[in-house]
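The values are calculated or read from the model by the stated rules, or taken from the named source; none is laboratory data. None of the values given here were measured: they were computed from a predicted structure. Here the Cβ is made from the backbone with ideal geometry for all residues, glycine too, and neighbour counts use every protein chain on show.
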Amino acid sequence: MSPLLHVETLRIAAGPHAPALVDGISLELDRGKALGLVGESGAGKTLACLALLRLLPEGLHIQDGRIRLDGQELTALTDTEIRRLRGGRIGMVLQNPLSSLNPLMRIGDQIGEAFAVHRGVRGRTALWKLAVEALRAVRIPTPEQRVSAYAHQFSGGMRQRVAIAMNIACAPDLLIADEPTTALDATIRLQVLRLLGDIRRERRMALILVTHDLPMVARFCDDVAVMYAGRIVERGPVEAIFANPAHPYTRGLIGATPRLDGRRRLATIAGQPPSPGSIASGCAFAPRCDVADAGCRQGRIDLLDLGEQRAAACRKPFARPPAEAAA
Amino acid sequence: MSARIHIEAVSKTYPVRTSLFSRHRELAALRGVSLQIEAGTTLGLVGESGSGKSTLARLVMGAENADAGKISIDGRDVRAGLPRAADAWLRRTLQPVLQDPYGALNPRMTVAETVGEPLHIQRQGSRAEIAARVRELLELVGLSAALATSLPVALSGGQRQRVAIARALSISPRVLILDEPVSALDMSVQAQVINLLQDLQDRLGLTYLLISHDLAVVAHLSTQIAVLYLGQVVEAGDRNAVIRTPRHPYTRSLIAAAEPGGEVEAIQGEMPSPLAPPSGCPFHPRCPQAVSECRSTPPALRRISGTHLAACNLADSAQETAA
C-alpha cells in the first residue's frame, strides 16, 4: 500500500541559486498516522508544511521535489485545484487560532463556509446545522448556542477547538497542526492534544504535528522527523528514537529537555543553529557536534538507512562522546 | 550576601470594566497569598494565565502595592513609593529578568553599554573600573568579550538573554525575579540558560523568584514550588514533595500535562474568570474528585507534612489514593 503523503527531495529557496531553506527533505506518512516534525526556529519545519499547501511566503518557491497526496502530484496542481484541496483534503491549524478566524463573522458562518466551498451546501440553516455538528465533534459545550458567537467570545483553548472544527469539517485526509498548543495553558494543551488524537483515530486522519515540544511528540505521535538547518537529520518510530537517538542533534535535544524528575544538569548543545547558506559542505551540525571528525565536514551527508524504519543523516550514528561512553 | 523574602497574606484587587458602559467590577488577582523564600534558594511559581503569578512578581518588585498583607526582604518593607534611600536599597537588592530578551534591550546600545549602564547610573566606580566590571560580567554569563561592541540586532535570542542577565547582575543584586526567563528561547539555547541560572545561583548565592507556565522548567530550577490557582496558593512545598507526592488535584493535572505517559485523568474545562470565582473551593468546577462539601466550603491551606501545604478538602484521602 502506498503512503497517503509522499514527499520526495523537497527543496525550497528564494531562487535556483539562493541557499535552500528546506534542503531536499523526503518523508512518508500513512493514513491515520501522526508524525511529529521537530526542530528549532529556522529549521524549515513550518516552510515544509506551508509548501504542502502551496502557501509559501512571497518570494519563496519550491525549487525541486515532488509532493504526492494519495498518488496525486500537488506541485502540478493549478491554483484553483490547490484551493479546493486546502480545507478539503488537507487542513491546517496554526499556533494562533485568531489568525485563522475572521473576527467579524459568526462562528457558524465561518465553519459553514467550509461546507459551502467544498461540499456545495447552500442555505444558512443547513450550513449552521453542519457547523453545530462540527463544534460538537471538537467537544465544544452547548454548540447550538455557541454557533452564533464571534471568535472573541471564545477563550484561547475554545478558539483553537473552533479552528480545528473548521479544518476537519470536510473530513481531511491530512491535518497539519503547526504549534497548535504553544499559546495555551498546560491543562488546556493536554485537552486539545487529546482531542486531536481522538479525531485522528476516529477518522483515520493523518496528522503532522509541528512542534519544539519533545515530550508532546513522544506522547502523541507514531513517528518523528527531526529537522536541522533545512534537512531531516533523523526520522523513525518515536519510541525507538527517544530510547536511543542515532543523530547527535537528536541526542542533544533530548538531553536539553527539562524533566520533572530530579535536578540533574541539562545536557547542552554548544553554539546556535547556522543561518541558511553558511554551511558550505559537510554536515550542518558538525560545528556543534561532540563526535564530529574531519570527514563530517566534507561532501553531502545523506540519510542513512538504519533498519527498523529508522534513518539518520550521520556518518557516526549512535556514537557517543568519549566521556559519556566511559560513564 | 543573600536575601530572604517574606510574603504575608497578600491580596491585590484590580477594578476592571468588561465593557465601556458597564460598572467597575473587582478582579481579585491575589487572595491572601503567604510564601517564604529562603536565602539562596529558588521559589518556582506555577499557574495558568490569570492565576496571579505575574501580579505577585510585580508586588515583590515593588512596582505596585498590595491592598492587604506585607512583603519584606530581610525584614525590610517592599512596596511602591518607598522613601528615596529605601527605594534605592530595593533597586540594588532586586532585579528582574523578563521573558522577552528582544524587548528588554535598547536596540541602539552596545552590549557593553547595556551591561554597564546601571553602574554608571548608580555611580559605581570610575569609567575604567566599570569597563573592567563589564568584562567580568560578560565572562560570568558566558558571553565572548568580542561581543561587547555588538548591538542587540546582531545577537541571537540566547545571547540577548545572557546580556539581560549580565545587566541585571551588574549592580550585584541578591534577588532575581525571573519571569518566564527561557520560554522565548529555542530548546538547545533554553538548556544553556537554565544551566547558567543554576551556576549563577551556586556562585553568587542569589535568591530566585521564578515564574513559569512550564512545570518542567520550574521543577528543574526550584527548591520550593508554589502552585497558584485563581489568585490563591493551592499547594506549596519542597520541589520533590510537590512533584512526587502532589496532594492537590490541580497540581496532579499539571504534572500529568507535563510528563509524557502520565495517566492521570485530564481535567475538564478551563480556569473560571477571576471576575467570577466559584464558591467554595476555586477548583471544584473542574475537579474530578469534588464532593458537595467542595462547592460550599473553601478549603484552608493545611500542612500535609513539614513545609508541604495543600488547600484541598480531600487532601488526606488523596494521600491514600496516591499510595
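Below, the figures for the structure above:
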read-out: Residues (of a type in the set (Lys, Arg), assigned to a strand (DSSP E or B) and either at the interface with chain B (Cβ under 10 Å from one of its Cβ atoms) or in contact with a helix residue (DSSP H, G or I) (Cβ under 9 Å, 6 or more places away or on another chain) (or both)) located in region A:227-262; value: A:235
read-out: Strands (runs of 3 or more DSSP E) wholly inside region B:186-243 containing at least 1 residues that are within 11 Å of another protein chain (Cβ to nearest Cβ), touching a strand residue (DSSP E or B) at 6+ places or on another chain (Cβ under 8 Å) and buried (at least 23 other Cβ atoms within 10 Å of the Cβ); value: B:224-229
read-out: Count of residues meeting criterion [closer than 19 Å to residue A:177 by Cβ and either of a type in the set (Val, Ile, Thr) or free of Cβ contacts under 8 Å to residues at least 12 places away in the same chain (or both)] in region A:63-112; value: 5
read-out: Of all residues making up region B:20-57, the number that are in contact (Cβ under 8 Å) with a residue 12 or more places away in the chain and part of a loop (DSSP other than H, G, I, E, B); value: 10
read-out: Neighbours by Cβ (under 6 Å, 6+ apart or cross-chain): first from region B:179-197, on the phi > 0 side of the Ramachandran plot; second modelled with pLDDT of 85 or more and crowded, with 22+ Cβ neighbours inside 10 Å; value: B:180/B:212
read-out: Unique residue being at pLDDT below 85, among the charged types (D, E, K, R) and surrounded by 19 or more Cβ atoms within 10 Å (Cβ to Cβ) when the list is B:320, B:259; value: B:259
read-out: All positions within region B:2-13 that are surrounded by 15 or more Cβ atoms within 10 Å (Cβ to Cβ) and at pLDDT 90 or above; value: B:4, B:5, B:6, B:7, B:8, B:10, B:11, B:12, B:13
read-out: Residue match in region A:218-226 (condition: modelled with pLDDT under 95, surrounded by fewer than 20 Cβ atoms within 10 Å (Cβ to Cβ) and within 12 Å of chain B (Cβ to nearest Cβ)); value: yes
read-out: Among the candidates A:295, A:271, A:277, residue that is assigned to a loop (DSSP other than H, G, I, E, B), away from chain B (no Cβ under 12 Å) and not aromatic (Phe, Trp, Tyr); value: A:277
read-out: Every residue from region B:138-175 that is crowded, with 20+ Cβ neighbours inside 10 Å and under 19 Å from residue B:91 (Cα atoms); value: B:163, B:164, B:165, B:166, B:167, B:168, B:169, B:170, B:173, B:174, B:175
read-out: Qualifying residue in region A:151-163 (condition: more than 13 Å from every other protein chain (Cβ to nearest Cβ), without any contact (Cβ under 8 Å) to a residue 60 or more places away in the chain, farther than 24 Å from residue A:49 by Cα and in contact with a Lys or Arg (Cβ under 9 Å, 6 or more places away or on another chain)); value: yes
read-out: Unique match (being buried (at least 24 other Cβ atoms within 10 Å of the Cβ), touching a residue at least 12 places away in the same chain (Cβ under 8 Å), within 12 Å of chain A (Cβ to nearest Cβ) and over 15 Å from the mean Cα position of the chain (by Cα)) among B:249, B:272; value: B:249
read-out: The one condition in (1) basic (Lys, Arg); (2) buried (at least 18 other Cβ atoms within 10 Å of the Cβ); (3) more than 17 Å from residue A:230 (Cα to Cα) that residue A:320 fails to fulfil; value: (2)
